[in-house]
Amino acid sequence: MTYHKAKKVVIIAEKMLSEKICRIIDASGARGYTVVPAGGRGAHHKHYTSERASVVDDFATVRIEVVVNNKTTAEEIGNQVVEQCFDKYSGIVYLEDVEVLRPGKFGGK
Amino acid sequence: MTYHKAKKVVIIAEKMLSEKICRIIDASGARGYTVVPAGGRGAHHKHYTSERASVVDDFATVRIEVVVNNKTTAEEIGNQVVEQCFDKYSGIVYLEDVEVLRPGKFGGK
Amino acid sequence: MTYHKAKKVVIIAEKMLSEKICRIIDASGARGYTVVPAGGRGAHHKHYTSERASVVDDFATVRIEVVVNNKTTAEEIGNQVVEQCFDKYSGIVYLEDVEVLRPGKFGGK
C-alpha cells in the first residue's frame, strides 16, 4: 500500500468550546475528528493552579485532532478556530505533516 | 544527547479492535505502545451521532501510538492494521516523523 | 494568518513522575503543557502484563505534550526528562516538527 502526504490539525481547548470547534471541522470538509480528554497548565488551559494533582487529574480540556488531505483545509480549520474561539478563551492550534493510507477517506476542499 | 530519526504510527480505532491491533504491534518488533481513550466522529469512529455531548464524553474509540526506529516497520504496522482490522471496521492510520533519544529503546526489524 | 515552525516534545511516563516532569517544563520557559491519561505496554510503561484489558483500561501512564518556539528548548526539555526521570523509571521522549499560529504564545529560551 502507498502512503500519501496529509496534514493533521491539533486543537487544545477548553471542553466547553468542543461543540463550536466540531462545527468548524464539520464545515471544512474533513471526514471526522478524534477527541481526547486532557488536563494541563498554561495559556491554553483554563485553570492556572499550583496544585499539580488537579492539573493531572482534572480533565477540563479537550485535545481534538483531525487529519485532512491538503494543507489549505488544515490551515483554514486552524485560522477559524483561532478567530472564532480563541478571541475570548485560551487554546492552541498546531499543524503537523502526516502520511496516510487511503487518502480518499480524509476530506478537504 | 543526540536525537535520532524515528517513525511514529498512530492508529485510531474502535476499542474492541485494541487486542488485535496490539498483537500486530507486538509481532512487528516494536518495544511498546501507548493507548489513550478517545471519542469523536467520522469514518474512523463507530458512532455517527448528532449529539455532541456523547461525541465528547463517550470514549468507545482508542488512539494507539507506537514509535519504531525505522520507516519499514512503521509502514508494515500500518499496512497490517488496515488489511486485518479496517476491512470490516472503521479506523484510520497515519505515520509521522519523530526524533528520539536512545534509539535502541525503540524496536523494529 | 501565518504559520510558524515550532517544536513539540512528547513525554510518555509513569503518572507518578508527572510532577517532576511538569517542573522541568515550567523551568524551560515553555508557556504550558497538556496531559492525557494513557495506558500501554513496553519499556515506557510500568506494567508488563499479559492481560490486554488492563493494558487498555488502566491508565497508570501519562502522555504529556508541550510546544515551544525553538528546537533548543525542546531538546533541553527532552534531555532533562531523560536524565532526571528515566534513569530509574521507564519512559520515552520524542520531538516533532509542528507549525503554529501566534508563536509568541509558545515560550522557549
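Here, each number is a calculation from the coordinates, and none is a lab measurement. The shown structure was predicted, so the numbers you read here are calculated from the model rather than taken from an experiment. Heads up, the Cβs are rebuilt from the backbone with ideal geometry, glycines too, and the neighbour counts pull from every protein chain shown.
Find how much the distance from A:Glu19 to A:Asn79 grows on full extension, using 0.36 nm per residue of separation minus their present alpha carbon separation; answer in nm with one decimal.
Taking A:Glu19 through A:Asn79 to full extension adds about 19.9 nm, to one decimal.
Please return the longest stretch of chain B lacking exposed loop sites, where chymotrypsin sites (Phe, Trp or Tyr not before Pro) count only if DSSP places them in a loop and at most 13 other Cβ atoms lie within 10 Å.
B:1-47
Label-to-label distances across copies for B:Met1, with labels 7 Å out along Cα→Cβ, in nm, shortest first?
Reported distances to equivalent positions: 3.3, 3.3 nm.
When each copy gets a label point 7 Å from Cα toward the beta-carbon at A:Met16, what are the spacings between them in nm, shortest first?
3.7, 3.7
Say each of A:Lys71 and B:Phe59 gets a label point 7 Å from the Cα, pointing the same way as Cα to Cβ; how far apart are those two points in nm?
Going by the 7 Å Cα→Cβ label model, 3.5 nm.
Provide an ascending nm list, one decimal, of label-point separations from A:Tyr89 to the equivalent residue in each further copy; define each label point as 7 Å from Cα along Cα→Cβ.
List, nearest first: 3.1, 3.1 nm.
What does the structure give for B:62-72 when I average, per residue, the other chain Cβ atoms found within 10 Å of the residue Cβ?
Taking the mean over all residues of the peptide, I get 3.
Helix-only mean residue ellipticity at 222 nm, the protein assembly as shown, DSSP H runs n ≥ 4 weighted -39,500 (n - 2.57), per residue, nearest 500. What is it?
My calculation for the protein assembly as shown gives -8500 deg cm²/dmol from helical runs alone.
Where Lys and Arg each count +1 and Asp and Glu each count -1, what net charge lies around B:Glu75 among other residues with Cβ under 15 Å from its Cβ?
Cβ neighbours under 15 Å give a net charge of +2.
Can you compute the charge dipole magnitude of the protein assembly as shown about its Cα centre, using +1 on each Lys and Arg Cβ and -1 on each Asp and Glu Cβ, nothing else charged? Give it in debye, rounded to the nearest 20.
320 debye
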